[in-house]
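Q: Quick one: the structure is below, and I'll ask about it shortly.
Values in this text are rule-based calculations from the coordinates and carry no lab data. Quantities reported herein were computed from a predicted structural model and do not represent experimental measurements. FYI the Cβ positions are ideal-geometry reconstructions off the backbone, even for glycines, and counts take in every protein chain you see.
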Amino acid sequence: MMQGENKLATIHIDQTWNKRPLIISGPCSAETEMQLTGTAMQLMATGKVDVLRAGLWKPRTRPGNFEGVGAAGLPWLQQVRRLTGLPVMVEVATAAQVEAALKHDVDMFWIGARTTVNPFSIQELADALKGIHIPVFIKNPINPDLELWIGAVERIAAAGIEKIALIHRGFSSYGNKKFRNAPMWHLAIEMKRLFNSLPFIIDPSHICGNRTMLREVTQHAVDLHYEGVMIESHTDPDNAWSDAAQQIKPSSLVALLNKIIWRTEAITSEELHERLNQFRNEINKLDDKVLELLAERMRIAEEIGKYKKDHDITILQTNRWNEILERLSQQCSMLGLSENFIKQYFEVIHLESIKHQDMVMNKK
Ligand code: PEP
Ligand code: MN
């Protein structure tokens, strides 16, 4: 059967795809027909949700947890789609799941973090998706490796899928306390730079692992020009069969979304443009100065390298490095700079400086 048959006239995937911000919500897992239908009806009634998500096949890191209702949930989703007029979205990890979902009019797919890490699985999905026009949302891999995320986009794109979006759900980091999955915003920003034309969706639920930080993380993503959100919701979050701590009621979703300040990247007026340009010119001038100073610093490092070479002195002098760090950190608060930032910044500079000295010392 062709995907797309039996669709209600009210579901326009192109329109949904282009909607900004794109709001995706629904339970972590479909548990029962009643739970799924109840959640979907409440979400539809909010008028805020564009796509209904529900996990049927749940990849749990450890066995013994609820692993989803599987294909048994597909007719529920089909029914919910009919009842609410909302496009529905599931996670797929195998070709068999793709095939089963397409037979039940599923409108969109997402690829989970535990699948993005595996090129075999991604290729299997890409092969199963060939010739099928369906939006595919690719979550970042669980480990902080952009190459895997990029590879997944390349494989799915090579299968002819035109509507690809990226979901940032954070990265595993053993022992991390604040977040369930550390956002590592720098990686997402780099991915956004590389795939500027693909919609970027924040999944604060899996980043936070709790309800209290959802708003803060969502707002941060919006401030970084993300185009949408995927937030887990449930009629009875406390009793959810998976990810109970992070799911919220549809009414809380509305409250959360109402608090978000949506911002745009577009610079609309001439005046705004001019003022921003003034600021940017000032920044450019400062960046030029920083570059010149860095070049000068490296030139002196090379001279020191020559001198150390002539006197058989090691490049690294731990006491001197400590002294630099201490001296700089004392000035941080006075200058309104964070100690952590300055430490990281100078660690990179120090490493580069060692490289320059090494070049001189060992004539590379
Ligand atoms: C989910 O969305 O419920 C899920 C399993 O997500 P992730 O792949 O990000 O862990
Ligand atoms: Mn979940």
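Q: What ranking, highest mean first, results for peptides 225-233, 338-346 when packing means the other Cβ atoms within 10 Å averaged over each residue?
A: Output ranking for 225-233, 338-346: 225-233, 338-346.
Q: If packing is taken as the average count of other Cβ atoms within 10 Å, what order do 106-112, 201-207 fall into, highest mean first?
A: 201-207, 106-112
Q: Shifting gears a bit: Taking amide hydrogens as modeled 1.01 Å from N in the peptide plane, which residues meet the under 5 Å criterion relative to Ile167, leaving out close sequence neighbours?
A: Long-range HN contacts for Ile167: Ile138, Lys139, Asn140, Ile201.
Q: In 10 Å bins starting at 0, how do the alpha-carbon pair distances of segment 10-83 split up by percent?
A: 18, 46, 29, 6, 0
Q: Now for a separate question. Would you compute, from DSSP H runs of 4+ residues alone, the mean residue ellipticity of the chain at 222 nm, taking -39500 (n - 2.57) per run and dividing by the full residue count, rounded to the nearest 500?
A: For the chain, the value works out to -16000 deg cm²/dmol.
Q: Using only the Cα atoms of segment 112-226, each taken as one equal point scatterer with no solvent, compute I(q) by the Debye sum, divide by I(0), and report log10 of the ratio at q = 0.19, 0.20 Å⁻¹.
A: -0.96, -1.05
Q: List the pair-distance distribution P(r) of segment 254-364, using every Cα-Cα distance, as the percent of pairs falling in each 5 Å bin from 0 up to the bin containing the longest distance, rounded to whole percents.
A: Bin by bin from 0 Å, the calculated values are 2, 9, 12, 14, 14, 11, 11, 8, 6, 6, 4, 2, 1, 0.
Q: Next question. Give me, ordered by chain and number, the residues 5 or more places off Leu86 or on other chains with an amide H under 5 Å from its own placed amide H.
A: Answer set, sorted by chain and number: none.
Q: Looking only at segment 222-259, which residues have a backbone nitrogen under 17 Å from a spot 7 Å from the Cα of Asn277 in the C-beta direction?
A: none
Q: At what distance in angstrom do the alpha carbon centres of segment 298-358 and segment 167-218 lie from each other?
A: Cα centroid of segment 298-358 versus Cα centroid of segment 167-218: 33 Å apart.
Q: Okay, moving on. Quick one: Karplus J couplings for segment 112-126, per residue in order, coefficients 6.51, -1.76, 1.60, θ = phi - 60°, nearest Hz, x for Gly and Pro?
A: Each residue of segment 112-126 in turn: x, 4, 7, 9, 4, 6, 10, x, 4, 5, 4, 5, 4, 5, 4 Hz.
Q: Please state, to two decimals, what the Cα-based radius of gyration of segment 3-259 comes to when divided by 2.2 N^0.38 Å (N = residues).
A: Compared with the compact-globule rule of thumb, segment 3-259 sits at 0.91.
Q: Mind listing the long-range amide H neighbours of Ala182? Cut-off is under 5 Å, sequence gap 5 or more, other chains count too, H placed in the peptide plane at 1.01 Å from N.
A: Phe171, Ser173
Q: Modelled label-to-label distance, Leu291 and Gln317, 7 Å Cα→beta-carbon offset: nm?
A: Computed distance between label sites Leu291 and Gln317 equals 3.1 nm.
Q: Using θ = phi - 60° and the Karplus form 6.51 cos²θ - 1.76 cosθ + 1.60, what ³J(HN,Hα) does each residue of segment 300-312 get, whole Hz, x for Gly and Pro?
A: For segment 300-312, the Karplus-derived couplings read 5, 4, 5, 5, 4, x, 4, 5, 5, 4, 4, 10, 6 Hz, x marking Gly and Pro.
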